[in-house]
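Notes to accompany the following structure.
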Amino acid sequence: QKEVEQNSGPLSVPEGAIASLNCTYSDRGSQSFFWYRQYSGKSPELIMFIYSNGDKEDGRFTAQLNKASQYVSLLIRDSQPSDSATYLCAVNYDMRFGAGTRLTVKP
Amino acid sequence: DGGITQSPKYLFRKEGQNVTLSCEQNLNHDAMYWYRQDPGQGLRLIYYSQIVNDFQKGDIAEGYSVSREKKESFPLTVTSAQKNPTAFYLCASSMGNSGYGYTFGSGTRLTVV
(Lines give C-alpha, C1' and ligand atoms only; values in the text may rest on other atoms or scores of the structure.)
Protein backbone atom coordinates (compact mmCIF):
# COMPACT_ATOMS: atom_id res chain seq x y z
CA GLN A 1 0.00 0.00 0.00
CA LYS A 2 1.49 3.29 -1.07
CA GLU A 3 1.08 5.85 1.69
CA VAL A 4 0.93 9.60 2.02
CA GLU A 5 1.17 10.79 5.61
CA GLN A 6 0.66 14.15 7.23
CA ASN A 7 0.58 15.33 10.82
CA SER A 8 -3.12 15.70 11.50
CA GLY A 9 -2.58 18.66 13.82
CA PRO A 10 -4.25 20.84 14.68
CA LEU A 11 -1.46 23.33 14.12
CA SER A 12 -1.93 26.74 15.66
CA VAL A 13 0.24 29.76 14.86
CA PRO A 14 -0.12 33.47 15.66
CA GLU A 15 -0.91 35.93 12.91
CA GLY A 16 2.24 36.98 11.06
CA ALA A 17 4.19 33.81 11.93
CA ILE A 18 5.44 31.12 9.56
CA ALA A 19 3.30 27.98 9.38
CA SER A 20 5.13 24.79 8.39
CA LEU A 21 3.20 21.79 7.10
CA ASN A 22 4.87 18.47 6.34
CA CYS A 23 4.08 15.41 4.26
CA THR A 24 5.92 12.13 3.70
CA TYR A 25 5.28 9.56 1.01
CA SER A 26 6.27 5.95 0.55
CA ASP A 27 6.65 5.52 -3.22
CA ARG A 28 10.14 6.57 -4.35
CA GLY A 29 8.93 6.70 -7.95
CA SER A 30 6.52 9.56 -7.27
CA GLN A 31 7.07 12.53 -9.57
CA SER A 32 4.45 15.18 -8.81
CA PHE A 33 3.37 16.66 -5.52
CA PHE A 34 0.50 18.96 -4.73
CA TRP A 35 -0.84 21.01 -1.86
CA TYR A 36 -4.55 21.72 -1.63
CA ARG A 37 -6.35 24.01 0.80
CA GLN A 38 -9.79 23.03 2.05
CA TYR A 39 -11.98 25.38 4.04
CA SER A 40 -14.52 23.79 6.35
CA GLY A 41 -17.47 22.41 4.39
CA LYS A 42 -15.93 23.29 1.03
CA SER A 43 -14.06 21.38 -1.65
CA PRO A 44 -10.25 21.40 -1.92
CA GLU A 45 -8.51 23.95 -4.12
CA LEU A 46 -5.03 23.56 -5.59
CA ILE A 47 -2.56 26.09 -4.19
CA MET A 48 0.89 24.71 -5.04
CA PHE A 49 2.53 21.96 -7.05
CA ILE A 50 6.17 20.93 -7.27
CA TYR A 51 7.98 18.41 -9.42
CA SER A 52 11.69 19.07 -8.82
CA ASN A 53 13.85 18.90 -5.72
CA GLY A 54 14.28 22.21 -3.96
CA ASP A 55 12.02 25.15 -3.25
CA LYS A 56 9.22 26.70 -5.24
CA GLU A 57 7.81 30.03 -4.16
CA ASP A 58 4.45 31.61 -4.98
CA GLY A 59 3.65 34.72 -3.01
CA ARG A 60 3.50 33.83 0.68
CA PHE A 61 3.64 30.10 -0.06
CA THR A 62 6.79 28.01 -0.51
CA ALA A 63 6.75 24.32 -1.37
CA GLN A 64 9.86 22.30 -0.58
CA LEU A 65 10.60 18.88 -2.04
CA ASN A 66 13.27 16.41 -0.97
CA LYS A 67 12.95 13.21 -2.99
CA ALA A 68 15.87 11.50 -1.27
CA SER A 69 14.13 11.84 2.09
CA GLN A 70 10.66 11.42 0.56
CA TYR A 71 9.08 14.48 2.06
CA VAL A 72 7.39 17.58 0.80
CA SER A 73 6.54 20.61 2.91
CA LEU A 74 4.54 23.79 2.62
CA LEU A 75 5.60 27.01 4.33
CA ILE A 76 3.15 29.88 4.72
CA ARG A 77 4.86 33.16 5.57
CA ASP A 78 3.09 36.06 7.28
CA SER A 79 0.18 33.76 8.18
CA GLN A 80 -3.26 35.37 8.14
CA PRO A 81 -6.49 34.28 9.83
CA SER A 82 -7.84 33.64 6.31
CA ASP A 83 -5.21 30.88 5.96
CA SER A 84 -7.06 28.88 8.63
CA ALA A 85 -8.06 25.69 6.80
CA THR A 86 -7.10 22.07 6.31
CA TYR A 87 -4.14 21.53 4.02
CA LEU A 88 -4.02 18.31 2.01
CA CYS A 89 -0.90 16.84 0.48
CA ALA A 90 -1.35 14.74 -2.67
CA VAL A 91 0.98 12.50 -4.60
CA ASN A 92 -0.74 12.35 -7.89
CA TYR A 93 0.60 9.32 -9.66
CA ASP A 94 -0.98 7.40 -6.80
CA MET A 95 -4.09 9.59 -6.77
CA ARG A 96 -3.81 9.42 -3.00
CA PHE A 97 -4.15 12.18 -0.48
CA GLY A 98 -2.85 12.57 3.03
CA ALA A 99 -5.38 12.96 5.83
CA GLY A 100 -4.69 16.69 5.98
CA THR A 101 -3.33 19.10 8.59
CA ARG A 102 -5.74 21.56 10.16
CA LEU A 103 -4.15 24.99 10.53
CA THR A 104 -5.51 27.74 12.75
CA VAL A 105 -4.02 31.23 12.57
CA LYS A 106 -4.89 33.26 15.66
CA PRO A 107 -5.25 37.04 15.42
CA ASP B 1 -16.50 29.89 -17.21
CA GLY B 2 -15.10 26.38 -17.16
CA GLY B 3 -15.55 24.19 -14.15
CA ILE B 4 -17.05 21.11 -12.58
CA THR B 5 -20.66 21.00 -11.48
CA GLN B 6 -21.85 18.52 -8.90
CA SER B 7 -25.50 18.04 -8.08
CA PRO B 8 -27.35 17.93 -5.87
CA LYS B 9 -25.51 19.77 -3.11
CA TYR B 10 -27.39 17.81 -0.43
CA LEU B 11 -28.95 14.38 -0.85
CA PHE B 12 -30.87 12.18 1.55
CA ARG B 13 -31.07 8.44 1.02
CA LYS B 14 -33.42 5.97 2.61
CA GLU B 15 -32.22 2.56 3.67
CA GLY B 16 -32.04 0.15 0.71
CA GLN B 17 -32.27 2.88 -1.90
CA ASN B 18 -29.89 3.55 -4.78
CA VAL B 19 -29.00 7.17 -5.46
CA THR B 20 -27.01 8.80 -8.25
CA LEU B 21 -24.69 11.79 -7.85
CA SER B 22 -24.11 13.90 -10.92
CA CYS B 23 -20.74 15.29 -12.04
CA GLU B 24 -20.34 17.36 -15.21
CA GLN B 25 -17.24 19.24 -16.42
CA ASN B 26 -16.68 21.64 -19.30
CA LEU B 27 -12.91 21.86 -18.92
CA ASN B 28 -12.26 19.32 -21.69
CA HIS B 29 -10.37 17.22 -19.15
CA ASP B 30 -9.73 13.61 -20.03
CA ALA B 31 -9.65 12.17 -16.52
CA MET B 32 -12.34 12.25 -13.84
CA TYR B 33 -12.36 10.95 -10.27
CA TRP B 34 -14.70 10.31 -7.37
CA TYR B 35 -13.55 10.68 -3.78
CA ARG B 36 -15.30 10.19 -0.48
CA GLN B 37 -14.48 12.29 2.59
CA ASP B 38 -15.65 11.43 6.09
CA PRO B 39 -15.61 14.03 8.90
CA GLY B 40 -12.05 14.85 9.95
CA GLN B 41 -10.65 12.46 7.37
CA GLY B 42 -8.73 12.74 4.14
CA LEU B 43 -9.98 11.84 0.68
CA ARG B 44 -10.40 8.22 -0.33
CA LEU B 45 -10.56 7.25 -4.00
CA ILE B 46 -13.72 5.43 -5.11
CA TYR B 47 -13.41 5.24 -8.91
CA TYR B 48 -11.51 6.99 -11.66
CA SER B 49 -11.73 7.20 -15.43
CA GLN B 50 -8.99 8.33 -17.77
CA ILE B 51 -10.93 7.90 -21.00
CA VAL B 52 -14.50 7.58 -22.19
CA ASN B 53 -16.04 4.12 -21.73
CA ASP B 54 -13.28 3.02 -19.36
CA PHE B 55 -12.95 3.30 -15.58
CA GLN B 56 -11.04 1.64 -12.75
CA LYS B 57 -11.79 0.88 -9.12
CA GLY B 58 -10.10 2.89 -6.44
CA ASP B 59 -9.48 1.90 -2.84
CA ILE B 60 -13.11 1.79 -1.70
CA ALA B 61 -15.20 0.86 -4.76
CA GLU B 62 -17.45 -1.69 -3.03
CA GLY B 63 -21.07 -0.54 -2.99
CA TYR B 64 -20.54 2.07 -5.71
CA SER B 65 -20.85 2.07 -9.50
CA VAL B 66 -19.96 4.57 -12.23
CA SER B 67 -20.30 5.11 -15.96
CA ARG B 68 -18.35 7.26 -18.43
CA GLU B 69 -20.43 7.45 -21.61
CA LYS B 70 -19.42 11.03 -22.35
CA LYS B 71 -16.18 12.90 -21.73
CA GLU B 72 -18.05 15.58 -19.80
CA SER B 73 -19.96 13.33 -17.44
CA PHE B 74 -19.02 10.83 -14.70
CA PRO B 75 -22.03 9.97 -12.52
CA LEU B 76 -21.63 7.96 -9.33
CA THR B 77 -24.34 5.59 -8.07
CA VAL B 78 -24.35 4.74 -4.39
CA THR B 79 -26.05 1.37 -4.18
CA SER B 80 -27.88 -0.27 -1.30
CA ALA B 81 -24.81 -2.50 -0.89
CA GLN B 82 -22.90 0.50 0.52
CA LYS B 83 -23.68 0.11 4.21
CA ASN B 84 -22.30 3.40 5.45
CA PRO B 85 -22.83 5.95 2.68
CA THR B 86 -23.15 9.09 4.79
CA ALA B 87 -20.21 11.25 3.66
CA PHE B 88 -19.10 14.21 1.56
CA TYR B 89 -18.57 13.13 -2.07
CA LEU B 90 -16.16 15.02 -4.27
CA CYS B 91 -15.78 14.78 -8.01
CA ALA B 92 -12.55 15.97 -9.64
CA SER B 93 -11.07 16.18 -13.09
CA SER B 94 -7.60 16.60 -14.52
CA MET B 95 -5.96 17.15 -17.86
CA GLY B 96 -4.25 13.94 -18.93
CA ASN B 97 -3.13 11.76 -16.05
CA SER B 98 -3.27 12.82 -12.43
CA GLY B 99 0.16 14.45 -12.59
CA TYR B 100 -1.43 17.77 -13.57
CA GLY B 101 -3.38 18.39 -10.40
CA TYR B 102 -7.11 18.33 -9.92
CA THR B 103 -10.01 20.69 -10.24
CA PHE B 104 -12.73 19.77 -7.76
CA GLY B 105 -16.46 20.22 -7.87
CA SER B 106 -18.25 21.76 -4.90
CA GLY B 107 -19.26 18.37 -3.52
CA THR B 108 -22.43 16.48 -2.59
CA ARG B 109 -23.24 15.79 1.03
CA LEU B 110 -25.11 12.50 1.28
CA THR B 111 -27.00 11.53 4.42
CA VAL B 112 -28.86 8.30 5.16
CA VAL B 113 -32.20 8.87 6.84
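The values are calculated or read from the model by the stated rules, or taken from the named source; none is laboratory data. Small disclaimer: the values here were computed from a predicted structure and weren't measured. Keep in mind that these areas ignore ligands, DNA and RNA; they rest on the heavy atoms of the full protein, side chains included. Shrake-Rupley method; radii C 1.70, N 1.55, O 1.52, S 1.80 Å.
Quick notes on this one:
- If you look at the Cα atoms of segment B:1-70, you get an Rg and a Dmax of 13.1, 38 Å.
- Delta accessible area of at least 40 Å² on complex formation, residues of segment B:21-60, 1.4 Å probe, chain isolated as reference: B:Leu43, B:Asp59
- Ligands, DNA and RNA left out, the 1.4 Å accessible surface of chain A is 46% carbon and sulfur atoms.
- For the pair A and B, the buried accessible area comes to roughly 1400 Å² in total, with a 1.4 Å probe and the value rounded to the nearest 100.
- Amide H contacts of B:Gly58: B:Tyr47, B:Tyr48, each under 5 Å away and 5 or more positions distant or on a separate chain (H built 1.01 Å from N in the peptide plane; Pro and chain starts excluded).
- Accessible area of the protein assembly as shown divided out per residue, in Å², using a probe of 1.4 angstrom: 48 Å²
- Phi-derived couplings, Karplus 6.51 cos²θ - 1.76 cosθ + 1.60 at θ = phi - 60°, listed residue by residue for segment B:56-70: 10, 6, x, 6, 9, 6, 4, x, 10, 9, 9, 9, 9, 7, 10 Hz, with x used for Gly and Pro.
- Heavy-atom accessible surface of chain B: percent carbon and sulfur, 1.4 Å: 47 percent
- Cα-only Debye scattering, the protein assembly as shown: base-10 log of I(q)/I(0) at q = 0.11, 0.14 Å⁻¹: -0.54, -0.86
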